[in-house]
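Input: a single structure, listed below in structure tokens.
The values are calculated or read from the model by the stated rules, or taken from the named source; none is laboratory data. Since this is a predicted model, take the numbers as computed values, not measurements. Cβ: placed from backbone, ideal geometry, glycine included. Neighbour counts: every protein chain shown.
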Amino acid sequence: MKNKRLTRNFYTKPTLTTAKNLLGKYIIRRIGRKELIGKIIETEAYIGPQDKASHAYNSRITPRNKVEYLIGGHIYIYLVYGMYWQLNIVTAKQGKPECVLIRALDLDKIANGPGKVCNYLKLDKSFYQEDLSKSKKIWLEDRGERIKPCQILATKRIGIDYAGLYWSRRKWRFVLKN
């Protein structure tokens, strides 16, 4: 199978579905003639206004999160602790603020956390609102690998205890088993 860029339709499916479907897909970052490539092996879903761990909880709109309200396929990137960029992919339909955090790529210790993913891919605020379905500097591809449900481990999300027991225990973190 030829490598196939993911289209808008891929990103507009229900967020929990997209979070699982992103596993095994490849992220390609072009810098001049060089390409940085990694297979997505860990994601984490955030389900908009009702999700107390979401930046869009209670339909909140801020300068930082307004991109979440666009149609799926755009990048939502932000800085945490003043030093680590976090790459999120907006999902679902326009006006429905949901996203998936890319937590790890298959590059051993080089990209085994959200901050390391952005460091490896050389991502920063300039990628805010980038459209993955059209961009010439970053996109995702399906390279034909079929992931079966038995290959996906669902666990609770990481670092969101502030959202309370119900939301912090949602098994919305998805890891591709070896």
Open item on the list: So in segment 6-20, with the set limited to residues that are of a type in the set (D, E, K, R) and under 23 Å from Gln151 (Cβ atoms), which one is surrounded by the fewest Cβ atoms within 10 Å (Cβ to Cβ)?
Closed with: Lys13
Open item on the list: Among the residues in segment 113-121, are any touching a residue at least 40 places away in the same chain (Cβ under 8 Å) and of a type in the set (Gly, Ala, Ser)?
Closed with: no
TODO: Could you run through segment 112-150 and say how many residues are assigned to a helix (DSSP H, G or I) and either at positive phi or surrounded by 15 or more Cβ atoms within 10 Å (Cβ to Cβ) (or both)?
DONE: 9
TODO: For residues that are over 15 Å from the mean Cα position of the chain (by Cα), within 15 Å of Ser135 (Cβ to Cβ) and in contact (Cβ under 8 Å) with a residue 24 or more places away in the chain, tally how many sit in segment 8-60.
DONE: 3
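Yes/no per residue for (1) crowded, with 19+ Cβ neighbours inside 10 Å; (2) acidic (Asp, Glu); (3) not in a loop (DSSP other than H, G, I, E, B):
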{"position": "Leu36", "(1), (2), (3)": "no, no, yes"}
{"position": "Ile41", "(1), (2), (3)": "yes, no, yes"}
{"position": "Ser54", "(1), (2), (3)": "yes, no, no"}
{"position": "Pro63", "(1), (2), (3)": "no, no, no"}
{"position": "Glu68", "(1), (2), (3)": "yes, yes, yes"}
{"position": "Tyr78", "(1), (2), (3)": "no, no, yes"}
{"position": "Trp85", "(1), (2), (3)": "yes, no, yes"}
{"position": "Gln94", "(1), (2), (3)": "no, no, no"}
Open item on the list: Just checking, does segment 21-30 include any residue being over 18 Å from Lys125 (Cβ atoms), exposed (fewer than 15 other Cβ atoms within 10 Å of the Cβ) and modelled with pLDDT of 95 or more?
Closed with: yes
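Against the definition (over 30 Å from Lys109 (Cβ atoms) and surrounded by fewer than 22 Cβ atoms within 10 Å (Cβ to Cβ)), how does Pro49 come out, yes or no?
Details: over 30 Å from Lys109 (Cβ atoms): yes; surrounded by fewer than 22 Cβ atoms within 10 Å (Cβ to Cβ): yes.
For Pro49, the condition - over 30 Å from Lys109 (Cβ atoms) and surrounded by fewer than 22 Cβ atoms within 10 Å (Cβ to Cβ) - is met.
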